[in-house]
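Shown next, in C-alpha cells, is the structure this report addresses.
The values are calculated or read from the model by the stated rules, or taken from the named source; none is laboratory data. Just so it is clear, the structure is predicted and the values come from calculations on it, not from any experiment. Neighbour counts run over all protein chains shown; Cβ positions are idealised from the backbone, glycine included. Surface areas here come from the heavy atoms of the whole protein model, side chains and all, with no ligands, DNA or RNA. Shrake-Rupley method; radii C 1.70, N 1.55, O 1.52, S 1.80 Å.
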Amino acid sequence: EGDDVGGQWESESSSSSPEDGGVPEASEPPGEEEEEKEEEVEVGLSFGILSYCFPGKSHNHSATKYVPPQVRKAQETLDDKKREELGRLKKMVNGLINRLSEPNLSSISGQMEELYMANSRKDMNETLTDILMNACVTAVAMPARLMMEHVLLVSILHHNVGIEVGAHFLEAVVKKFDELCKSDAEGKECENLLALIAHLYNFHVVHSLLIFDILKKLVSTFTEKEIELILFLLKNVGFSLRKDDALALKELITEAQRKANTAEKKLQDQTRVRFMLETMLALRNNDMRKIPGYDPEPVEKLRKLQRTLVHSSGSGKETQLRVSLESLLSADRVGRWWIVGSSWSGAPMINDTNSKTQQKLHIGKVSSKILELARKQRMNTDIRRSIFCVLMTSEDFLDAFEKLLKLGLKDQQEREIVHVIVYCCLQEKTYNPFYAFLANKFCECERRFQVTFQFSIWDKIRDLENLSATAISNLVSLLAHLLRTKSLPLSVLKVIEFSELDKPKVRFLRQVLSMLLIKTDAEELSDIFVRISDNPKLGMLREGLKLFLTHFLLKNVQAQKSAEEASLLKERVELATKALQAKEPKLKL
C-alpha cells in the first residue's frame with residue numbers, strides 16, 4: 001500500500017500529513033480512522049481518481065494536487081543545484097569586486113567577462129548589481145575614487161559584454177534613488193546613488209538626457225536636501241553637461257534662478273542657495289576656478305584607462321543608453337525598449353490598444369450588410385475591413401480621406417489603404433472616379449503613398465492576362481487620371497518591356513496613352529512627357545514610347561476613330577514626341 005500511494009498529496013489544510021507521502025506504511029498498525037482513509041485511497045485509485053476526501057473534512061480538500069515522487073525529487077534537486085551554483089557565483093564575483101583597484105582593473109574585467117561567458121547573463125547581472133549596490137550604497141559618504149573604479153568596471157562590461165549589463169545596473173540605481181528621495185532618509189545613500197549615476201554618465205554608459213531629467217526633478221522640488229543634491233551633481237558632471245547640451249543647461253539654470261527667487265524666504269539656509277546659483281553661473285561662464293574642490297583629473301585618467309580596455313574602436317557614444325527618468329521608473333509597466341530583445345509580459349502598449357479600439361469602433365458603427373459585403377470581397381483582416389467600410393460609407397472622397405487618416409495606421413498597415421483602394425476600383429462593374437480622386441488626394445498628401453500606388457499598379461500591369469476586361473478598363477481609367485493629374489509620373493510605365501509586348505499589354509498601353517493624349521490639355525501634356533526627357537536612366541522608356549506612339553498608336557487610327565479625333569491624336573503624338581526629345585543630350589560631332 002505504501003508503494004501504491006507513495007506520492008505526495010498537497011493541500012492547503014494537510015498540515016499533519018506524514019513526511020513519507022501522506023499514507024502510513026503497511027508495517028505500521030493503522031488506527032480505525034487511518035484504515036478508513038486507506039480504504040478511500042484504494043477505492044479512489046482503482047477508479048482513476050487522484051483526489052479524495054477525509055470524513056468530515058470534505059470542504060477543505062477541494063484543491064488537492066498529486067505530485068509524483070520522481071517529479072518532486074527532481075524539482076528539489078534542481079532547486080538545490082541552482083541555489084548552490086548561485087552561491088558559488090556570488091562568492092566568486094564578491095571576491096573579484098573586493099580586490100578591485102585601478103592597477104588590476106584589466107585582469108578583473110577580463111575575469112568578469114569570462115564569468116559572463118560561462119554563466120547566465122540574468123544571474124550575472126543580478127549578482128553583480130546586488131554586490132555593487134551593497135558595496136557602494138551605504139549610510140556614510142563613499143570615497144569618490146572607489147565609486148569611480150566600481151562604475152568603470154560596469155562601463156567596461158557594458159561596452160564589451162553587452163548594453164544589458166549597464167542597463168540592469170542603471171535601472172536598479174535609479175529606482176533605489178527615486179525610492180530614497182521620496183522617503184526622509186538621514187544618511188548619505190542619496191549622494192552615493194547620485195554619484196553612481198553621475199559616473200555612469202562620465203564613462204559613457206548613459207546619455208545626458210537622464211542627468212537633465214534628474215536635475216529638473218530636483219529643481220522642481222527645491223528643498224534644502226534637493227539643493228545639496230543639485231550642487232553635488234553639478235560638481236561631478238556640470239562641465240560635461242555644458243559640453244553635451246549647453247542650451248538645456250542654460251534653461252535649467254534659468255529655472256533654478258526663478259525657483260530661488262520665489263523660495264528664498266522659506267529656506268533657512270539662504271547662503272546655500274546663493275552658493276548653488278554662483279556654481280551654476282560659473283558653469284554657464286565655463287569658469288572652473290569658482291567651483292571649490294573641482295578636479296577633473298581623476299575622471300580623465302580613468303577615461304584613458306577605459307579606452308585601452310574597451311575592445312571596440314569607437315568612442316563609446318554609440319552604446320550610450322538614451323533613456324529618460326520616466327522610462328526607467330515605468331520599465332515594469334511599459335517594457336524596456338532600450339534593451340534589444342528584452343522580454344516583456346506587461347499590459348498591451350497604450351498606442352496599440354487605442355488604434356485597435358478605434359478600428360473596432362469603426363466596424364461597430366456600420367451595418368451588417370456592409371460587413372457581409374466586406375466578407376464577400378475577402379477583406380480578411382480587421383484593418384482591411386475598417387478601410388473597406390470607410391470607403392463604402394463615406395459621403396465623398398474628401399470625407400473618406402479624412403476618415404482613413406483618422407484610423408491612425410502605421411507603416412505596413414498604412415499600405416493596406418492603397419491596396420484596398422486599387423482592389424475596390426478594379427472590382428466595380430463600371431468605372432467609378434471616386435477611387436481616382438481619392439488616390440490623387442493620398443498622392444498629394446505624402447510621397448510614401450505615391451510610391452505604394454506605383455508598386456500596386458506595377459503588380460496589376462504584370463498580372464494583366466489574369467484580369468477581367470472590366471478590371472483592365474477600370475485600371476486604364478485610374479492610371480490615366482493619376483498621370484493626367486501628375487499624381488504619378490510617366491515613368492510608372494517603365495515596368496513594361498517594350499521589346500516583349502504581348503497582346504494584353506499592347507491593348508492596355510494603347511488605351512492608357514490614347515486617353516491621356518486626348519483628354520489632357522496641350523500644355524499639361526507637354527509637362528507630363530518633359531518630366532522623363534532628361535533622366536538618363538529612362539532612355540529605354542523614352543525610345544519605347546516614341547516607337548509605340550508612332551507605330552502602334554497611329555496605325556489604323558483613321559479606321560478606328562473619326563477624322564477629327566484622328567487629327568487631334570496625330571497632333572498630340574507629335575507634341576509628345578517633341579517633349580520626349582526636348583532635354584535629350586544631343587550628339588556633337
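Among the residues making up the stretch 348-392, those that are modelled with pLDDT under 80, among the polar types (S, T, N, Q) and either within 30 Å of Ala331 (Cα to Cα) or in contact with a Lys or Arg (Cβ under 9 Å, 6 or more places away or on another chain) (or both) are Asn351, Thr353, Asn354, Ser355, Thr357, Gln358, Gln359. Give the stretch 95-131 a look and list any residue that's in a helix (DSSP H, G or I) and in contact (Cβ under 8 Å) with a residue 60 or more places away in the chain, or say none. The answer is Leu105, Ser106, Ser109. Evaluating Leu153 against the criteria (1) farther than 12 Å from Ile97 by Cα; (2) open to solvent by less than 10 Å² (accessible area, probe 1.4 Å) leaves one unmet condition, (1). One residue stands out in the stretch 182-207 among those that are free of Cβ contacts under 8 Å to residues at least 24 places away in the same chain and not charged (D, E, K, R): the one that is surrounded by the most Cβ atoms within 10 Å (Cβ to Cβ), namely Ala185. Residue check: is Glu179 assigned to a helix (DSSP H, G or I) and in contact with a helix residue (DSSP H, G or I) (Cβ under 8 Å, 6 or more places away or on another chain)? Criteria not met by Glu179. Just a yes or no: is a residue in the stretch 543-554 out of contact with any Phe, Trp or Tyr (no Cβ under 9 Å at 6 or more places or on another chain), under 27 Å from Leu467 (Cα atoms) and of a type in the set (Phe, Trp, Tyr)? Yes, the stretch 543-554 contains at least one residue that is out of contact with any Phe, Trp or Tyr (no Cβ under 9 Å at 6 or more places or on another chain), under 27 Å from Leu467 (Cα atoms) and of a type in the set (Phe, Trp, Tyr).
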